[in-house]
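The values are calculated or read from the model by the stated rules, or taken from the named source; none is laboratory data. Quick caveat, the model's predicted, so the values are computed rather than measured. Cβ: placed from backbone, ideal geometry, glycine included. Neighbour counts: every protein chain shown. Heads up: the accessible areas ignore ligands, DNA and RNA and are worked out on the full protein's heavy atoms, side chains in. Shrake-Rupley method; radii C 1.70, N 1.55, O 1.52, S 1.80 Å.
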Amino acid sequence: MDRIKWLNNKIASFESLSVVNGYYLILGGGKIGSNFVEYANNSNFPFVLIIDSDPDAPASMDTTVIKDISEIPELIRSITESSAEFPTESSIDTGKDPALNNNVYFYCMDINEVTSLLDLGMPEFIIPAVPTHATANMVVDSLRMDSGEYIASELSIDKEDTQMMEYFENFQSVLPENVIVGSYPESGVIMFSYARAGEICPDNCMGQADYCYNFKREKRQTITSYVNGLVPEYAGWVFDSCQMKAGIGGIRGVDLKENMLSILEHVKSICENAADDPIGEKAFFVATTCNCHGVLNLLYVV
């Protein structure tokens with residue numbers, strides 16, 4: 001299948017996805033994931049799904065373990081029905097006490113396969129809890145054709161390539177130096193923070209927009225605002241991480257869907273019209289930001 005036909009099918013598939021209210025998807029079952037599970041249990045969320053490649057991840061404790069992905073669509077459907085009971089199928093391990101966490105589930109899978117979960121239903125919130133840039137990974141994985149071919153990849157720049165380094169430096173120069181805490185052209189990554197070297201934000205921080213009470217520091221703009229300022233000079237999409245609770249942010253499913261559709265349309269346009277254009281015309285960025293921190297990946301259509 002050629003790229004344009006595949007992208008048209010992908011766009012149609014994303015357009016058909018409904019955002020499922022009450023569905024919270026946690027990417028990663030470590031410390032942050034476990035923290036959110038505790039919060040979810042206390043908040044009685046309708047359906048919380050944690051995924052992690054480690055079957056013994058800390059967040060898997062005291063949850064209902066799903067053994068087969070085929071169970072997930074029924075779980076999603078159940079929360080769209082006001083009085084539905086969650087199913088109890090033979091493939092679900094109910095050995096743990098369900099009275100404590102009857103709405104919190106764990107499924108062992110590679111985070112890189114999360115796009116297959118999105119095809120089953122768009123969560124109301126996606127909570128990244130992994131040490132990688134989850135939204136950039138989701139964008140790249142969503143642009144992997146059935147054949148395994150990737151339409152887009154990370155923009156890796158050789159520091160000896162003066163033209164590409166000039167592109168990266170010009171891109172970075174639009175942003176204020178005082179919020180850039182990491183710059184990695186070899187992987188096309190820029191990291192942002194109002195916290196400086198050696199400063200660690202407390203777990204209970206609510207991330208106020210205009211002032212950092214932990215380090216007594218004013219914020220002229222939020223990191224989200226600064227990165228949004230790159231558009232429209234550069235093609236890019238900013239995923240805003242909303243404060244779910246102190247120390248944990250989540251991306252709204254409606255925002256993820258809207259951004260993904262826009263990215264797919266943009267990539268389709270490049271595939272149709274820019275096959276021989278320089279890398280600057282094929283490049284775009286994906287960033288995840290909040291008031292205080294952020295990470296940006298430069299990607300390009302291969």
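Tabulated data
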| item | result |
| --- | --- |
| Every pair of residues 6+ apart whose Cβ atoms lie under 8 Å, when the first sits in the range 215-235 and is in contact (Cβ under 8 Å) with a residue 12 or more places away in the chain and among the aliphatic types (A, V, I, L, M) while the second is open to solvent by 30 Å² or more (accessible area, probe 1.4 Å) and in a loop (DSSP other than H, G, I, E, B) | Ile223/Cys290; Ile223/Asn291; Leu230/Val174 |
| Any chance Gly294 is within 23 Å of Leu175 (Cβ to Cβ), open to solvent by less than 50 Å² (accessible area, probe 1.4 Å) and in a loop (DSSP other than H, G, I, E, B) | no |
| Failed condition for Ile248, given (1) crowded, with 22+ Cβ neighbours inside 10 Å; (2) touching a residue at least 60 places away in the same chain (Cβ under 8 Å) | (1) |
| Verdict on Ser70 being at pLDDT below 85 and either more than 19 Å from Met122 (Cβ to Cβ) or not aromatic (Phe, Trp, Tyr) (or both) | no |
| Criterion violated by Asn35 - all others in (1) open to solvent by 70 Å² or more (accessible area, probe 1.4 Å); (2) closer than 20 Å to Ala134 by Cβ satisfied | (1) |
| Residue match in the range 116-133 (condition: in contact (Cβ under 8 Å) with a residue 24 or more places away in the chain, open to solvent by less than 40 Å² (accessible area, probe 1.4 Å) and under 21 Å from Tyr226 (Cα atoms)) | yes |
| Output for the range 134-148, where each listed residue is in a loop (DSSP other than H, G, I, E, B) and open to solvent by less than 80 Å² (accessible area, probe 1.4 Å) | Leu143, Met145, Gly148 |
| Filter result (open to solvent by 80 Å² or more (accessible area, probe 1.4 Å) and either in a strand (DSSP E or B) or closer than 18 Å to Cys290 by Cα (or both)) within the range 192-204 | Arg196, Ile200, Asp203, Asn204 |
| Which listed residue, of Leu175, Leu256, is assigned to a loop (DSSP other than H, G, I, E, B), buried (at least 17 other Cβ atoms within 10 Å of the Cβ) and either in contact with a strand residue (DSSP E or B) (Cβ under 8 Å, 6 or more places away or on another chain) or modelled with pLDDT under 95 (or both) | Leu175 |
| Residue check for Thr288: of a type in the set (Ser, Thr, Tyr), in a helix (DSSP H, G or I) and in contact with a strand residue (DSSP E or B) (Cβ under 9 Å, 6 or more places away or on another chain) | no |
| Complete set of residues in the range 211-245 that are open to solvent by 50 Å² or more (accessible area, probe 1.4 Å) and touching a strand residue (DSSP E or B) at 6+ places or on another chain (Cβ under 7 Å) | Tyr211, Glu218, Asn228, Asp240, Gln243 |
| Residue in the range 178-191 that is farthest from Val238 (Cα to Cα), counting only those that are open to solvent by 20 Å² or more (accessible area, probe 1.4 Å) and out of contact with any Leu (no Cβ under 9 Å at 6 or more places or on another chain) | Glu186 |
